[in-house]
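The structure under discussion appears below in the form of structure tokens.
The values are calculated or read from the model by the stated rules, or taken from the named source; none is laboratory data. Just so it is clear, the structure is predicted and the values come from calculations on it, not from any experiment. Cβ coordinates were reconstructed from backbone atoms using ideal geometry, including for glycine residues, and neighbour counts include every protein chain displayed. Ligands, DNA and RNA are stripped out before the accessible areas are found, and what is left, the full protein with its side chains, is counted by its heavy atoms. Shrake-Rupley method; radii C 1.70, N 1.55, O 1.52, S 1.80 Å.
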Amino acid sequence: MHRLMAGVTILEHELSELRLLVERQTGILLDCPNSALAAHVAEYLESQELESSAALMDRLRAADQDPAAFPTFLDGVLNVNTGFFRHPGAMNALARQVIPQLYSRKSDDGFCTLRIWSAGCSTGEEAYSIAMALCDAIPGGNGNSNGASNGNASRDAREKSVASRNGGIAENGVAAGAGQSVAGQSMKDWSIHIVGSDLLPSAIGVAERGLYPQSALTGLPPAAIRACFSKIGSPSGGQNGSQEGLQNPCLNGSTGSRSVNGSTTTSVTPTPTSAAHLLVKPRLRSLVTFNTMNLTKPVYIGRFDCIFCMDVLPHLSRVQRTALLERLHLYLEPGGYLFLSQTEKLCAPNLNFRPETFDGYTFHRKPLAASAAYGR
């Protein structure tokens, strides 16, 4: 038995019932200790002015009438890491292997289209990391055109090593290997659309603002940060950013907290006394669209060339993992790529995926002639 607030307690069997209800309705496993779950329930009851855990259960059971019930309750109870280029191997493979392969297949059409889905994007860092990797992989995408044609072998080798550590982002803002991959092309030759989705509206709100504390970008090359972000505030209280950032309407909003697929991260609209915050530049922001979505009950949003579903599967029941992988396979274009974290395994062996490895990172490709049983 756990005491929640004055005069309010929750029994062990009620916590078990709550876990089962969440799993049944969302497919999500609450694997936190009972003490942590009880503490979260206490905070939720107080914030929602509910008198008992029974009232909470009644609200969740009636979630069909209140779609925000589960996202509101789950916000803060799931702990998963998030961050820019948190999976450098995946970003490196995207920039240096996958994009060249996609271009070689699509170039005959002249105007290339590229659709990428960050499924479980948390507060947006992964989706923006994908956009940054694309801008580096395609010459001219980041406003720096002199790196793609540089033929200096020693410099290329040096940048390849650095870019590998930074997920494909080289120190000078141009991806190592870009010249050999899609030489002669620029962003204007591609129609690029990145979709980021997450269960929590609060996380999507942070992602849409595209505003992050400077500490969130620690480890990224300074040139890449300058190319993709505008500084908004400074510790001294001065406004040390571009006018496009200061006037951006995205700055109007409340504090945003971390997502169902992200670790605790707070994004606060800067005040005259706040530390420096960095705002995603419009050029990068225009590549990304964000949507609230429950991956266990998704709305069909089209087919994609690449799908990133990083660190989501461990939070789902076995049945939901298999069902989600089947849907992701269906949503991929023939020849498309699925990116999972290296600790996740495909738990649907009947799906027609072929593993590929680049620089130590393994990802999964849907064959061009995929079985009709799982989509074209």
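Take the residues in the range 8-28 that are hydrophobic (A, V, I, L, M, F, W, C) and at pLDDT 85 or above, then tell me which one is nearest to Leu295 (Cα to Cα). Step by step, filter the range 8-28, then rank; the result is Val22. The residues of the range 69-82 that are open to solvent by 20 Å² or more (accessible area, probe 1.4 Å) and modelled with pLDDT under 80, listed by number, are Gly76, Asn79, Asn81. Is it the case that some residue within the range 290-302 is among the polar types (S, T, N, Q), within 21 Å of Leu114 (Cα to Cα) and at pLDDT 85 or above? Looking through the range 290-302, at least one residue is among the polar types (S, T, N, Q), within 21 Å of Leu114 (Cα to Cα) and at pLDDT 85 or above.
Test Glu49 against the stated conditions and say whether it is at positive phi and free of Cβ contacts under 8 Å to residues at least 40 places away in the same chain. Yes, satisfied. Report yes if some residue within the range 42-65 is closer than 21 Å to Ile204 by Cβ, touching a strand residue (DSSP E or B) at 6+ places or on another chain (Cβ under 8 Å) and hydrophobic (A, V, I, L, M, F, W, C); otherwise report no. Among the residues of the range 42-65, not one is closer than 21 Å to Ile204 by Cβ, touching a strand residue (DSSP E or B) at 6+ places or on another chain (Cβ under 8 Å) and hydrophobic (A, V, I, L, M, F, W, C), which makes the answer no. A residue that is touching a strand residue (DSSP E or B) at 6+ places or on another chain (Cβ under 9 Å), of a type in the set (A, V, I, L, M, F, W, C), under 26 Å from Ile192 (Cβ atoms) and modelled with pLDDT under 85 cannot be found anywhere in the range 348-356.
Considering each residue of the range 103-112 in turn, none proves to be out of contact with any Cys (no Cβ under 7 Å at 6 or more places or on another chain) and crowded, with 24+ Cβ neighbours inside 10 Å. Residue pairs whose Cβ atoms lie under 8 Å apart, sitting 6 or more positions apart in sequence or on different chains, and linking a residue in the range 279-303 that is aromatic (Phe, Trp, Tyr) to a partner that is open to solvent by less than 50 Å² (accessible area, probe 1.4 Å) and part of a loop (DSSP other than H, G, I, E, B), are Phe290/Cys121; Phe290/Gly124. Suppose the filter is farther than 16 Å from Asn294 by Cα and at pLDDT below 85; does Asp64 pass it? No.
Would you mention how many residues in the range 35-51 are surrounded by fewer than 15 Cβ atoms within 10 Å (Cβ to Cβ) and either assigned to a helix (DSSP H, G or I) or touching an Asp or Glu at 6+ places or on another chain (Cβ under 9 Å) (or both)? Residues that pass the stated criteria total 6.
Do we have any residue at all in the range 323-340 that's out of contact with any Cys (no Cβ under 6 Å at 6 or more places or on another chain) and on the phi > 0 side of the Ramachandran plot? Scanning the range 323-340, I find at least one residue that is out of contact with any Cys (no Cβ under 6 Å at 6 or more places or on another chain) and on the phi > 0 side of the Ramachandran plot, so the answer is yes.
Under the condition of being in a helix (DSSP H, G or I), among the basic types (Lys, Arg) and under 18 Å from the mean Cα position of the chain (by Cα), the residues counted in the range 274-316 number 1.
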